[in-house]
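K.L.:
Before we start, here is the structure in question, set down as structure tokens.
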Amino acid sequence: MTITVFGLGFVGLTTSLGFAEYGHTVYGIEMNPERLSTIQRGQLPFLEPGLDEALNRHLGKRFHPIGIDSSNSQQSFADIIRQSDCIYYCVGTPYGTDGQADLSHLFGAIDQTLAAHRSTLTSHFSLLTYQVLVVKSTIPPSTTSQKIIPYLQAKGINVGKDLGVANNPEFLREGHCWDDFIHADRIVLGVSDQHSADILRKLYSTASAPIHCVSLNTGEFIKYLSNTLLATLISYSNEMSLVADTIGGIDVATAFRILHEDKRWGGATMSSYVYPGCGYGGYCLPKDTNALYAVANSAGFDAQILKNVIKTNDDMPAHIAQKVARAVGADKQRVIGILGLSFKPGSDDVRDTPAAKIVSHLRMLGYTHIIAYDPVANEEFKRYYGSLAIDYVDSYATIITQADVFVITTAWPQFADIRQLTEKPVVDCRYMLTAPPEGEE
Ligand SMILES: NC(=O)c1ccc[n+]([C@@H]2O[C@H](COP(=O)([O-])OP(=O)(O)OC[C@H]3O[C@@H](n4cnc5c(N)ncnc54)[C@H](O)[C@@H]3O)[C@@H](O)[C@H]2O)c1
């Protein structure tokens, strides 16, 4: 089959290479020229184990990365769109106003698809073969049925006859993108017509995971069910750590480690979400939890658990900054060493990372001597949060020498030996020094 994928970020690049691995021909469209040329040179634009080998295997063979309106040597952009069995949308759906998902990138890519079709059609919208537009981006429940389909219909397209529309949420974790796609535990297809379901089942016919065809709204909801549960578990754990700290005399890490021994967890790695830290961060959990709350709210239901999950998470950086302030003391000249800037170990993603919020709170408390070290994310953090104006050091050994107090904000395994390296105070926000975390968030 021939597939076009809009957006070559974590999800789009993984999806493109995954479908190439399944034997399909994939055209990946990326509008960011820097990201596109990095991929065209056979390099990854972010840290993602295993994906580099897949890129080298498929680049120029079954995977063809191109820019908007550009063409590869044989075909125009419009030809590529027209001949595709499926068009996948893997563009960002970031925070919009009032916590709602911002769908502008998605509709932008849909418009580019339609413009490409229109440029090759003479009169009525009628494609050579039935094509399915598939949204893999995370979109709030009811978006496909109440926004995308009416949008297409308003442009004279008969959805279900001229083309199909579906969603196919993605559950991969950054740092494990390739493995999670290739060894997916479930494939969810939100569909409203049999023809689309058949095409998508064929697309995934070599995958080993169970395939679930559900309604459009159910497909979208399942993704939010997953992310909001993870966010809830993390906020629950963080609230419990604050309860324990307030009561006093409680070894928080040990308490959680013993909780995980309950055989009802079944040895699953879900236990890594039932563990306190700095609050959840990264691209997905914060925005998705807010978006589901916002969509429920605008439909007339004020979801109290979600509201408080968000509030607990929003409050965590201030709690941590207070904890650090207690460890540093009144002397504002002491140097605070931030250990870890990415939102989780094994990744250089700093989007919504708790480290940035903690640093910002520390600065509000009057601490200006802040230095930071992350094994892979110094540059990315500097690029995103340049206005925080902190200093960066390029080695673990240097920060150990230069800082007076340390704050572990990302559970990189190499920080586990810090107590052997220094007797200076350490605020272990990840509770990793007494119980090694399994490290997901
Ligand atoms: N990152 C994750 O762990 C993860 C996991 C599951 C689902 N998701 C969801 O998948 C979606 C994508 O996430 P991501 O992390 O890959 O985002 P990303 O920001 O890394 O990548 C999105 C890419 O799309 C490109 N883009 C935007 N509009 C475009 C257009 N019209 N044409 C071509 N390219 C365009 C951007 O330049 C960017 O490179 C989001 O909805 C996200 O919530 C993300």
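K.L.:
Looking at P354, P276 in this structure, which one is surrounded by 16 or more Cβ atoms within 10 Å (Cβ to Cβ), modelled with pLDDT of 95 or more and not aromatic (F, W, Y)?
P.N.:
Details: P276 fails: modelled with pLDDT of 95 or more.
Going through P354, P276 in turn, the sole match is P354.
K.L.:
Yes or no: the stretch 307-317 includes at least one residue that is in a helix (DSSP H, G or I), open to solvent by 10 Å² or more (accessible area, probe 1.4 Å) and farther than 26 Å from A411 by Cα.
P.N.:
For the stretch 307-317, residues in a helix (DSSP H, G or I), open to solvent by 10 Å² or more (accessible area, probe 1.4 Å) and farther than 26 Å from A411 by Cα: present.
K.L.:
Next question, about the same structure. Based on this model, can you work out whether L128 counts as out of contact with any strand residue (DSSP E or B) (no Cβ under 7 Å at 6 or more places or on another chain), assigned by TED's automatic domain parsing to the domain that holds I87 and loosely packed, with under 14 Cβ neighbours inside 10 Å?
P.N.:
So L128 passes the test.
Residues checked against (1) farther than 17 Å from Y88 by Cα; (2) within 16 Å of the ligand (Cβ to nearest atom); (3) free of Cβ contacts under 8 Å to residues at least 12 places away in the same chain:
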| residue | (1), (2), (3) |
| --- | --- |
| L133 | no, yes, no |
| I148 | no, yes, no |
| L163 | no, no, no |
| N167 | no, yes, no |
| E170 | no, yes, no |
| D185 | yes, yes, no |
| V188 | no, yes, no |
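K.L.:
If you don't mind, another one. Show me the helices (runs of 4 or more DSSP H) entirely contained within the stretch 358-441 in which 2 or more residues are more than 20 Å from the chain's Cα centre (by Cα) and within 26 Å of T254 (Cα to Cα).
P.N.:
Numbers: elements: 378-384, 396-402, 418-421.
Here the list reads 418-421.
K.L.:
Another question, then. Evaluate the following for Q402: is it without any contact (Cβ under 8 Å) to a residue 60 or more places away in the chain, not charged (D, E, K, R) and not assigned by TED's automatic domain parsing to the domain that holds C177?
P.N.:
Values: without any contact (Cβ under 8 Å) to a residue 60 or more places away in the chain: no; not charged (D, E, K, R): yes; not assigned by TED's automatic domain parsing to the domain that holds C177: yes.
No; evaluated as a whole, the condition is false for this residue.
K.L.:
Of everything in the stretch 251-273, what is of a type in the set (A, V, I, L, M, F, W, C) and surrounded by 14 or more Cβ atoms within 10 Å (Cβ to Cβ)? Give them in sequence order. Before the answer, list the steps.
P.N.:
Kept after step one, since they are of a type in the set (A, V, I, L, M, F, W, C), are these residues of the stretch 251-273: 252-253, 255-256, 258-259, 265, 268, 270.
Answer for the stretch 251-273, where residues must be of a type in the set (A, V, I, L, M, F, W, C) and surrounded by 14 or more Cβ atoms within 10 Å (Cβ to Cβ): V252, A253, A255, F256, L259, M270.
K.L.:
Quick one: how many residues across the stretch 115-158 are at pLDDT 95 or above and either part of a loop (DSSP other than H, G, I, E, B) or more than 30 Å from N290 (Cα to Cα) (or both)?
P.N.:
Counting residues in the stretch 115-158 that are at pLDDT 95 or above and either part of a loop (DSSP other than H, G, I, E, B) or more than 30 Å from N290 (Cα to Cα) (or both) gives 8.
K.L.:
Which residue is most open to solvent (accessible area, probe 1.4 Å), if the candidates are limited to the stretch 73-104 and must be among the polar types (S, T, N, Q) and at pLDDT 95 or above?
P.N.:
First, the residues of the stretch 73-104 that are among the polar types (S, T, N, Q): 73-76, 83-84, 93, 97, 100, 104.
Checking the rest, the ones that are also at pLDDT 95 or above come to 84, 93, 104.
Numbers: S84: 0, T93: 5, S104: 70 Å².
Here the residue is S104.
K.L.:
Same structure, new question: Looking only at the stretch 17-32, decide whether some residue is within 16 Å of the ligand (Cβ to nearest atom) and open to solvent by 50 Å² or more (accessible area, probe 1.4 Å).
P.N.:
To start, the set of residues in the stretch 17-32 that are within 16 Å of the ligand (Cβ to nearest atom) comprises 17-19, 26-32.
Cutting the leftovers down to open to solvent by 50 Å² or more (accessible area, probe 1.4 Å) gives us 31-32.
Within the stretch 17-32, one or more residues are within 16 Å of the ligand (Cβ to nearest atom) and open to solvent by 50 Å² or more (accessible area, probe 1.4 Å).
K.L.:
Would you mind finding the one in N168, N158 that is of a type in the set (S, T, N, Q) and closer than 23 Å to L55 by Cα? It would help to see each step written out before you state the result.
P.N.:
On the way: N158 fails: closer than 23 Å to L55 by Cα.
Criteria check complete, one pass: N168.
K.L.:
Hey, any hits in the stretch 34-41 for a residue that's open to solvent by 60 Å² or more (accessible area, probe 1.4 Å), within 14 Å of the ligand (Cβ to nearest atom), among the aliphatic types (A, V, I, L, M) and in the same structural domain as A166 (by TED's automatic domain parsing)? Can you show your working first?
P.N.:
Applying the first criterion (open to solvent by 60 Å² or more (accessible area, probe 1.4 Å)) to the stretch 34-41 yields 34-35, 40-41.
Those still in the list that are within 14 Å of the ligand (Cβ to nearest atom) too: 34-35, 40.
From the residues that got through so far, the ones that are among the aliphatic types (A, V, I, L, M) too are none.
The answer is no; no qualifying residue exists.
K.L.:
Can you find a residue that is in contact with a His (Cβ under 7 Å, 6 or more places away or on another chain), open to solvent by 10 Å² or more (accessible area, probe 1.4 Å), in contact (Cβ under 8 Å) with a residue 40 or more places away in the chain and not hydrophobic (A, V, I, L, M, F, W, C) anywhere in the stretch 332-340?
P.N.:
Restricting attention to the stretch 332-340, the residues satisfying the condition of being in contact with a His (Cβ under 7 Å, 6 or more places away or on another chain) are 333-336.
Still in the running and open to solvent by 10 Å² or more (accessible area, probe 1.4 Å): 333-335.
Applying the additional criterion that residues be in contact (Cβ under 8 Å) with a residue 40 or more places away in the chain yields 334-335.
Applying the additional criterion that residues be not hydrophobic (A, V, I, L, M, F, W, C) yields 334.
Yes, the stretch 332-340 contains at least one residue that is in contact with a His (Cβ under 7 Å, 6 or more places away or on another chain), open to solvent by 10 Å² or more (accessible area, probe 1.4 Å), in contact (Cβ under 8 Å) with a residue 40 or more places away in the chain and not hydrophobic (A, V, I, L, M, F, W, C).
The values are calculated or read from the model by the stated rules, or taken from the named source; none is laboratory data. The shown structure was predicted, so the numbers you read here are calculated from the model rather than taken from an experiment. Glycine also receives a Cβ, built like all others from the backbone with ideal geometry; neighbour counts cover every protein chain displayed. Side chains included, ligands, DNA and RNA excluded: accessible areas come from the protein's heavy atoms. Shrake-Rupley method; radii C 1.70, N 1.55, O 1.52, S 1.80 Å.
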